[in-house]
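Each value in this text was obtained by applying a stated rule to the coordinates, not by laboratory testing. Just so it is clear, the structure is predicted and the values come from calculations on it, not from any experiment. Because the Cβ atoms are built from the backbone with ideal geometry, glycine has one as well, and the counts that use them run over all protein chains shown.
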Amino acid sequence: MDTKVSAHDGANSASVVDGDFPAAGAPQPLQARQHRYLQALIEAGLLIPGGVDGVYGRSAEFEAIVDGLNIAFTALGVDQHAEVMRFPPGMSRNHFEKSEYLKSFPQLAGTVHSFYGNDRDHHRLLARLEDSEEWADEQRPTRVVLTPAACYPIYPVIARRGVMPPEGCVVDAMSYCFRHEPSLDPMRMQMFRQREYVRLGNADQVIAFRQLWIDRGQQFAALLELPHEVRLANDPFFGRCGKIVADSQRELKLKLELLVPIHDGAPPSACMSFNYHMDHFAQVWALRTADGAPAHTGCAGFGLERMVLALLRHHGFDLAHWPKGVRATLGGL
């Protein structure tokens, strides 16, 4: 891959070519390549450093691409007659605990803490802050946690409604999400947006839905002129027991990802995922089909920031020079 990335600085511009990352005969570590791309994005003003690895602001150009992707995702799913739900980046701690996320991914979770003390406690906190000492233990957890995936808040909502109609239901969800994995790789942000189509119904309905979106995801990537492939995958389950769960997930083919290459000689990055949860969430919440059976669920997820970064990597930083077909697909970007 020899894709040009232009970093614009006022009237001047410089270009970064993936082939330039390692000098001939002297390959650099993957982390150096990731950091080089991150720096190019920052120098071009597309990402704005937030003071912590994996936390960035976004420019108007970056958000214009996000808007174009959202227009395209809405058009892709218009025949799904999905109910639109939008949630904040925080969710109920009670729902989070009930979801069993901590059993599988404690290393990724984020909680929201706040100050509950009195004047004396406040003075102690300020003294610690003044002395550059640790002060966070003066706070306690609230009933809010950071949303780990866009689909998590919808399951208790659907469960409260009671039995589903025979056709089940589809939800169009989007949220900022948090995963604690600081990195110099711009493709691995700590705070990012997910857009998901979530299917609830019987097993046949969910399996057919997932296959539909695997096909659509590949067609969409082709329209965006992104090199891609779909592969079997697993979630990053924690610990020794997590390896067993991950192996089972792969054996049952519950998770597939659409991958796009970003750096030569490195594994491609997941930009879309297609998941079948079986009846896991029906065991957590009372999700029931029309015949009273535990509902199955699945989702097609799109990483908005990752999709933008893949497009910038393959088509360059100057949107005016992107292929006309790509711009048309993104709502005339």
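Side notes on the structure shown:
- Cut-off of 10 Å, at most 13 other beta carbons, DSSP loop: longest stretch of the chain lacking such trypsin sites (Lys or Arg not before Pro): 1-160
- Only Lys, Arg, Asp and Glu carry charge here, each on its Cβ (+1 for the first two, -1 for the last two); on that basis the chain has a dipole of about 740 debye about its Cα centre.
- Spatially proximal lysines relative to K243 (Cα-Cα < 20 Å; intrachain offsets below 8 disregarded): K103, K253, K255
- Split the chain at each of the GluC sites (Glu not before Pro) in a DSSP loop with at most 12 other beta carbon atoms within 10 Å, and the longest piece is 168-333.
- The chain: calculated mean residue ellipticity at 222 nm from DSSP helix runs of at least 4, using -39500 (n - 2.57): -10500 deg cm²/dmol
- Cα centroid separation, the range 107-150 to the range 229-297: 33 Å.
- Comparing the chain with the 2.2 N^0.38 Å rule of thumb, its C-alpha radius of gyration ratio is 1.08 (two decimals).
- Residues W213, W285, arranged from fewest to most other Cβ atoms within 10 angstrom of their Cβ, appear as W285, W213.
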